[in-house]
Amino acid sequence: MFEARTAGAPLAPEQYRSPKDIGAAGTTSNDFRQIVANICESPAKEIYFAGRPVQLRQFLNELGRRGCHTHSYTVITGPAANALPLDDQLEWDTLRHGVTLEFTASSHPDAWTGPHAPSTGGSPEAFRTLARLTNPRLSGPVGPVDLTDSRAIITYDSAWTAIQGIRDEAVEGHAVPSTDAVRDAWLHLHGTGRVEGASGWICLDNQGNPYDKAVAVVRLDPATRTDRFVTLSWPTGRPPTANCTAPRTPTP
């Protein structure tokens, strides 16, 4: 995805090699120090970063120590950034002085409950159902859960997708459907058969892959050390205008 976004850029992408143990720091910070120096000499304002949580933290820390403090940057990356609030080695001052971190998340609690939520592609009520289940004041059966990092939301949606497949294939008086039968049911999880997920509509193609799925873009807020919702993004660039009416890939 980053290659497509940066096609035609005047400079080649900067590269680094992670340790074999991607959870180890290694000497990667040295690489990032040199990369940051080159970024300072470039006209770049947006930086696309591909890497794991440890390497992302190292890069941000080095960016915070950059010599070109008058330059501001937006770092754009993937969901690995979800782990940063739990990383006690992240230098939060980086995000207070000219560096913004935005990243994609599978969902966010504010995606469908805000005043600018789109009218298609998801449902505020579907998210509110999950919120009620996890609200300890309402004695929800799930119990208190932090929904801000999206993991609980997508786990709930994954379970709900499996449940809908089971229900669609269940026959009264017969045993629980086989896994093959449930997999076949997923061929019909689109259009009126879509899953009303808390993260947005879930519509599957013939390979079981979601399409026209909303992706939340969030920003890491150094003041609260939590994710702040920015907007929703779509593979097609806009919300679906219909009820994801047909799978988009042929059956092999």
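The values are calculated or read from the model by the stated rules, or taken from the named source; none is laboratory data. Predicted, not measured: the structure shown is a model, and the values here were computed from it. Cβ coordinates were reconstructed from backbone atoms using ideal geometry, including for glycine residues, and neighbour counts include every protein chain displayed. Only protein heavy atoms, including side chains, enter the accessible area calculation; ligands, DNA and RNA are left aside. Shrake-Rupley method; radii C 1.70, N 1.55, O 1.52, S 1.80 Å.
If CYS68 satisfies all but one of (1) open to solvent by 50 Å² or more (accessible area, probe 1.4 Å); (2) within 24 Å of ALA223 (Cα to Cα); (3) in contact with a helix residue (DSSP H, G or I) (Cβ under 7 Å, 6 or more places away or on another chain), what's the number of the condition it fails?
Checking CYS68 against (1) open to solvent by 50 Å² or more (accessible area, probe 1.4 Å); (2) within 24 Å of ALA223 (Cα to Cα); (3) in contact with a helix residue (DSSP H, G or I) (Cβ under 7 Å, 6 or more places away or on another chain), the one that fails is (1).
Would the stretch 39-57 turn up any residue that is within 29 Å of ALA152 (Cα to Cα) and of a type in the set (Phe, Trp, Tyr)?
yes
So ASN82 ticks every box in (1) surrounded by fewer than 19 Cβ atoms within 10 Å (Cβ to Cβ); (2) touching a residue at least 40 places away in the same chain (Cβ under 8 Å); (3) of a type in the set (S, T, N, Q) but one. Which box is left unticked?
With respect to (1) surrounded by fewer than 19 Cβ atoms within 10 Å (Cβ to Cβ); (2) touching a residue at least 40 places away in the same chain (Cβ under 8 Å); (3) of a type in the set (S, T, N, Q), ASN82 is out only on (1).
Considering the stretch 21-54 alone, what residues qualify as being at negative phi, assigned to a loop (DSSP other than H, G, I, E, B) and either among the β-branched types (Val, Ile, Thr) or out of contact with any Phe, Trp or Tyr (no Cβ under 9 Å at 6 or more places or on another chain) (or both)?
ASP21, ILE22, GLY23, ALA24, ALA25, THR27, GLU41, SER42, PRO43, ARG52
Return yes when GLY193 is on the phi < 0 side of the Ramachandran plot, small (Gly, Ala, Ser) and in contact with a helix residue (DSSP H, G or I) (Cβ under 6 Å, 6 or more places away or on another chain) and no when it is not.
For GLY193, the condition - on the phi < 0 side of the Ramachandran plot, small (Gly, Ala, Ser) and in contact with a helix residue (DSSP H, G or I) (Cβ under 6 Å, 6 or more places away or on another chain) - is not met.
May I ask you to list the residues in the stretch 99-116 that are surrounded by fewer than 18 Cβ atoms within 10 Å (Cβ to Cβ), modelled with pLDDT under 90 and either of a type in the set (S, T, N, Q) or closer than 30 Å to VAL36 by Cβ (or both)?
The answer is THR113, and nothing else.
Given the residues VAL75, VAL36, which is the only one that is at pLDDT 95 or above, of a type outside the set (Gly, Ala, Ser) and within 21 Å of ARG225 (Cβ to Cβ)?
VAL75
What are the residues in the stretch 67-109 that are small (Gly, Ala, Ser) and within 30 Å of LEU133 (Cα to Cα), if any?
GLY78, ALA80, ALA81, ALA83, ALA105, SER106, SER107
Would you please name the residue that is modelled with the lowest pLDDT, looking only at residues in the stretch 213-252 that are among the basic types (Lys, Arg) and open to solvent by less than 70 Å² (accessible area, probe 1.4 Å)?
Filtering first and then ranking leaves LYS213.
Tell me, yes or no, whether the stretch 195-206 has at least one residue that is modelled with pLDDT of 85 or more, touching a strand residue (DSSP E or B) at 6+ places or on another chain (Cβ under 9 Å) and open to solvent by 30 Å² or more (accessible area, probe 1.4 Å).
Yes, there is a match, as at least one residue in the stretch 195-206 is modelled with pLDDT of 85 or more, touching a strand residue (DSSP E or B) at 6+ places or on another chain (Cβ under 9 Å) and open to solvent by 30 Å² or more (accessible area, probe 1.4 Å).
Taking the stretch 149-183 on its own, how many of its residues are open to solvent by less than 80 Å² (accessible area, probe 1.4 Å), in contact with a helix residue (DSSP H, G or I) (Cβ under 9 Å, 6 or more places away or on another chain) and either assigned to a helix (DSSP H, G or I) or within 25 Å of VAL218 (Cα to Cα) (or both)?
14
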